[in-house]
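Please treat every number below as a calculation from the coordinates, not as lab data. Everything quoted here is computed from the prediction, not taken from an experiment. Glycine gets a Cβ as well: all are built from the backbone with ideal geometry, and neighbour counts include every protein chain shown.
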Amino acid sequence: MNTTKNILIAFLLNISFSIIEFFGGLFTNSVAIISDAIHDMGDAISIGISYFLEKKSKRSPDDVYTFGYARYSILGAFITTTILTVGSLLVIYNSVIRIINPVEINYNGMILFAVFGTIINFLAAYFTRDGNSLNQKAVNLHMLEDVLGWIVVLVASIIMKFTDIRVIDSLMSMGVAVFILVNCILNMKSVGNLFLEKKPDEISIEEIRKHLLSIDGVKDVHHIHVWSIDGKNILATMHVVSDSDIAAIKKYIREEMEEHGISHVTIEVEASSDVCDDINCHVKTISDAHMHHHH
């Protein structure tokens with residue numbers, strides 16, 4: 001099944017559920033359920049955003065987005081993660097207030113709701129379980145988190161029904177919120193790395209340079225740039241100095257890069273007599289070049 005369809009199913013399940021849940025929270029007088037409803041609504045909205053951005057990210061490159069639209073998916077991950085972060089902070093805040101001022105809770109209604117909530121969210125998690133885009137991972141994280149949250153509410157409401165220790169409610173929702181927060185921070189880190197054009201972790205420029213220099217006829221390799229658009233596809237550009245058969249050398253370079261997991265390589269070739277117009281290249285003074293030019 002394709003990612004966009006999964007995300008849409010999750011969105012519809014979530015949005016309808018969060019509305020029912022909100023009224024359920026009012027009915028049972030459980031702030032845990034109300035705050036969870038708001039949090040679910042936030043989830044649903046961010047999943048909606050993800051859906052459109054993920055759909056857009058599948059488009060092929062054109063004259064406007066020459067690298068394609070893959071980064072829209074990352075933008076989706078960024079927005080979703082931001083909403084989640086704010087959501088978890090709000091939940092933590094609510095829980096603290098609940099600990100200070102406990103309220104009366106309708107335990108039976110809560111138990112009933114939790115059973116219902118667990119089932120619905122389990123289905124949503126099941127639909128979004130596989131998918132390798134960062135965006136879909138963010139969405140699936142929501143889902144798993146919601147299932148956990150409901151199991152927590154279920155267990156807690158049963159315990160509270162028999163012991164009437166209301167603080168359990170708050171402590172459990174705080175636990176879930178902290179778990180989300182940690183995952184958000186990790187997610188943000190990978191999103192940030194992509195936007196900052198950091199080289200993918202599994203790639204070593206040193207290693208690549210060493211392997212390329214060992215190819216026969218390659219005198220020098222410089223200006224190696226490696227980056228990723230979406231966390232999956234890796235691109236590279238480089239300058240290669242060579243006086244040999246260019247076609248053969250390019251073929252070797254592409255094969256070598258393929259082994260490093262880099263599928264798209266742009267190679268600029270220079271003869272050793274060329275002057276690379278960059279200050280970091282071979283130290284040949286411009287005047288030198290001009291003198292040759294005049295003779």
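DSSP beta bridges fully contained in the chain are about 55 percent antiparallel. Computed over the range 3-195, relative contact order equals 26 percent, with contacts defined as Cα pairs under 8 Å that lie 6+ residues apart.
Exposure proxy for V64, V178: other Cβ atoms within 10 Å of each Cβ, ordered fewest to most, give V64, V178. If the segment from E268 to K189 were pulled out straight at 0.36 nm per residue, it would be longer than the present Cα-Cα gap by 25.2 nm.
Calculated [222 nm] ellipticity per residue, helices only, for the chain: -23000 deg cm²/dmol; basis is -39500 (n - 2.57) per DSSP H run with n ≥ 4, divided by all residues, nearest 500.
Ordered by the number of other Cβ atoms lying within 10 Å of each residue's own Cβ, fewest first, S50, S16 fall into the sequence S16, S50.
Given (1) 27.3, 99; (2) 19.6, 60; (3) 18.7, 56 as candidate values of Rg and Dmax of the Cα atoms in Å, which corresponds to the one derived from the coordinates? Calculated Rg and Dmax of the Cα atoms in Å: the matching label is (1).
Here r is the Cβ-Cβ distance between D62 and K161 and R0 is 41 Å; the resulting FRET efficiency, rounded to 0.05, is 0.10. Would you mind pulling out the separation of the Cα centroids of the range 186-262 and the range 1-45, in Å? Distance between centres, Cα-based: 44 Å. For the listed residue pairs K5/K199; K198/K232; K55/K199, the alpha carbons are over 20 angstrom apart in K5/K199; K55/K199. Exposure here means at most 16 other Cβ atoms within 10 Å; with GluC sites (Glu not before Pro) in a DSSP loop as sites, the longest stretch of the chain lacking them is 1-103. Specify the angular offset, from 0 to 90 degrees and rounded to the nearest 10, of the alpha carbon long axis of helix 107-127 from the longest principal axis of the alpha carbons in the chain. That works out to roughly 20 degrees. Residues within the reach of a label modelled at L112 (point 7 angstrom out along Cα to beta-carbon, backbone nitrogen below 12 Å), restricted to the range 27-52, are 27-28. Once the Cβ-Cβ distance of V86 and T237 is raised to the sixth power relative to R0 = 41 Å, the FRET efficiency obtained is 0.60. Counting beta carbons within 10 Å around each of M238, M41 and listing the fewest first gives the order M41, M238.
Listed by chain and number, the aspartates and glutamates whose alpha-carbon sits under 15 Å from that of K58, ignoring those within fewer than 8 places in the same chain, are D230.
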